[in-house]
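Engineer: My questions all concern the structure below.
The values are calculated or read from the model by the stated rules, or taken from the named source; none is laboratory data. Here the structure is a predicted model, which is why all the values come from computation and not from measurement. Because the Cβ atoms are built from the backbone with ideal geometry, glycine has one as well, and the counts that use them run over all protein chains shown.
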Protein chains: 2
Amino acid sequence: MKKNEIDHLVVEWLAQAKKMVFSSSSRKIMVETKTSRNDLVTELDRQIEKFLVTQIKNVFPTAQIISEESHPKLDEFDPQQLLWIIDPIDGTMNFVKTRRDFAIMIGVYQNNQGQLGYIYDVMNDCLYHGGPEKGVFCNQQRLLPPANLSLNQGLLETGALMLLHNRCNLQKIALASNGVRIYGSAGIQIIRVLTGQAVGYVSHLKPWDLAAGRVLAETLGLTVKTIDGHIPDVLSSVDVLVASKNAQEDIVRMAQAPY
Amino acid sequence: MKKNEIDHLVVEWLAQAKKMVFSSSSRKIMVETKTSRNDLVTELDRQIEKFLVTQIKNVFPTAQIISEESHPKLDEFDPQQLLWIIDPIDGTMNFVKTRRDFAIMIGVYQNNQGQLGYIYDVMNDCLYHGGPEKGVFCNQQRLLPPANLSLNQGLLETGALMLLHNRCNLQKIALASNGVRIYGSAGIQIIRVLTGQAVGYVSHLKPWDLAAGRVLAETLGLTVKTIDGHIPDVLSSVDVLVASKNAQEDIVRMAQAPY
């Protein structure tokens, strides 16, 4: 199947998933904790995941799928086949507490190369989508590559734990930026880098946190590297930096400086 | 003049100010730095401030007005007269970098008591307004007092500098919450406490950062105290906590514990 045919299917599935989100808003949502009291999963995460996995398997019976809420061993994949990486609700805490700033995310990879990426900011009805063949769009509007700003010319997106533990000299890096923003969702914060609202996003990310945003960021000419400057493996969990090229150089240099 | 007559006037002025914001979006905005490279003022701050001050003085020729961009000595005020406290653009860095998450704010005080408060989230067209006589509204919808949650039951809003300098044990307090959010605007972050999306907001605030939100928060039964548990003076710059009563008790206790 061609990329644009896959693309049409995914856009349709996400429109269905949006209806599930809005239908959930009118009722009380079941919430459970996972690895810690602040690591949540809701029935909506599971419902959207099940829906997307079912749709993908209907069309691609041999599809390889990794999803946040149920993933097989990460070393059993054939890189030459399409790999689907799904986060049914990125920012579950935000969904539970605020009903805003969460995203549905899908990344499609082959041979460790991003083919298609989708970050759906559901409450603002903004679907960021695209890939190397078609470019990146917010709904129907094409995104231009953001300006190649330095760290001291823009806002820095990150997470609270990384900042307060000062991992990778992040406190010094934060002070060199125009200010820190913490939204509690990888997808929403990567959107801010894609659109040039922030110069970089630093966080410890799992494969499903990064897969979609990585395709979109790389397509727009942004860098996606580990904090020590290496290319992250699609299936690894690592400290990742999504940034303009200049901000990436500034941050990697400061992250490696003595504490 | 009665409160509800003042209220009608202010709502009309804010509708005019909104037009100034949208008209500014179509052109390049002049930006200057103030006390540091990340403390900005734009021509729009000055334009909205001038407009609001002019409107207030037209109706109340002897009005006492404090505004972020031009304020007289803070000890010359007669507390028995109406005091207007204005932040023409709260979150100027956000306005410059992202065109979202900024607010126009007005607080009206008499005898050190909040009478009317206005936080206008312009880009979402949500005006939070009210006071002890009429209650608190988002546009036409009345807000109910948020649940009296503890710190470990909700999100904590703050600013990056306070967090990374660990002022008032804030890192430990942050870890006890459900997560930290940093939006870069006192008004936008106080809205999150007013609406129950967060249990508290901690920050070092100037009079114009707090005046509007304080009226609305106190009207909804939230506490507005200094971080060491005292009632803040309307004209002082202090470390302030806007929170549910239970979260306030948790935070004050932890802020005073040994480091």
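Engineer: Among the residues of the range B:106-121, count how many are away from chain A (no Cβ under 13 Å) and either among the hydroxyl-bearing types (S, T, Y) or surrounded by fewer than 23 Cβ atoms within 10 Å (Cβ to Cβ) (or both).
Structural biologist: 8
Engineer: Got at least one residue in the range B:71-93 being closer than 19 Å to B:G187 by Cβ and part of a helix (DSSP H, G or I)?
Structural biologist: Within the range B:71-93 (the criterion being closer than 19 Å to B:G187 by Cβ and part of a helix (DSSP H, G or I)), the answer is yes, since at least one residue qualifies.
Engineer: Give B:N124, B:N169 a once-over and let me know the one that is more than 9 Å from chain A (Cβ to nearest Cβ), over 21 Å from the mean Cα position of the chain (by Cα), outside any strand (DSSP E or B) and not aliphatic (A, V, I, L, M).
Structural biologist: B:N169
Engineer: Say whether the condition of being within 21 Å of A:E68 (Cα to Cα), part of a loop (DSSP other than H, G, I, E, B), more than 14 Å from chain B (Cβ to nearest Cβ) and touching a Phe, Trp or Tyr at 6+ places or on another chain (Cβ under 7 Å) is met by at least one residue in the range A:211-234.
Structural biologist: There is at least one residue in the range A:211-234 that is within 21 Å of A:E68 (Cα to Cα), part of a loop (DSSP other than H, G, I, E, B), more than 14 Å from chain B (Cβ to nearest Cβ) and touching a Phe, Trp or Tyr at 6+ places or on another chain (Cβ under 7 Å).
Engineer: Could you identify the single residue in A:A198, A:A160, A:A174 that is facing another protein chain (nearest Cβ under 8 Å) and modelled with pLDDT under 95?
Structural biologist: When all the criteria are applied, what remains is A:A160.
Engineer: Return the total of residues in the range A:133-157 being under 22 Å from A:D209 (Cα atoms), more than 11 Å from chain B (Cβ to nearest Cβ) and either touching a strand residue (DSSP E or B) at 6+ places or on another chain (Cβ under 8 Å) or crowded, with 16+ Cβ neighbours inside 10 Å (or both).
Structural biologist: The total comes to 7.
Engineer: Return the only residue of B:E76, B:E133 being in the same structural domain as B:V53 (by TED's automatic domain parsing), farther than 20 Å from B:A17 by Cα and free of Cβ contacts under 8 Å to residues at least 24 places away in the same chain.
Structural biologist: B:E76
Table: residues versus (1) surrounded by fewer than 24 Cβ atoms within 10 Å (Cβ to Cβ); (2) within 23 Å of A:W84 (Cα to Cα); (3) touching a strand residue (DSSP E or B) at 6+ places or on another chain (Cβ under 6 Å).
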site	(1), (2), (3)
A:A186	no, yes, yes
A:A212	no, yes, yes
A:G229	yes, no, no
A:K245	yes, no, yes
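Engineer: Collect the residues in the range A:117-132 that are of a type outside the set (V, I, T) and under 14 Å from A:L220 (Cβ atoms), keeping them in residue-number order.
Structural biologist: Matches in the range A:117-132: A:G117, A:Y128, A:H129, A:G130, A:G131, A:P132.
Engineer: Quick check: is even one residue across the range A:26-43 within 21 Å of the chain's Cα centre (by Cα), surrounded by 12 or more Cβ atoms within 10 Å (Cβ to Cβ), part of a helix (DSSP H, G or I) and in contact (Cβ under 8 Å) with a residue 40 or more places away in the chain?
Structural biologist: Within the range A:26-43 (the criterion being within 21 Å of the chain's Cα centre (by Cα), surrounded by 12 or more Cβ atoms within 10 Å (Cβ to Cβ), part of a helix (DSSP H, G or I) and in contact (Cβ under 8 Å) with a residue 40 or more places away in the chain), the answer is no, since none of the residues qualifies.
Engineer: Out of all the residues in the range A:104-120, is one or more touching a helix residue (DSSP H, G or I) at 6+ places or on another chain (Cβ under 9 Å) and in a loop (DSSP other than H, G, I, E, B)?
Structural biologist: No, the range A:104-120 contains no residue that is touching a helix residue (DSSP H, G or I) at 6+ places or on another chain (Cβ under 9 Å) and in a loop (DSSP other than H, G, I, E, B).
Engineer: Which ones in the range B:89-105 are more than 10 Å from every other protein chain (Cβ to nearest Cβ) and among the acidic types (D, E)?
Structural biologist: Across the range B:89-105, the qualifying residue is only B:D90.
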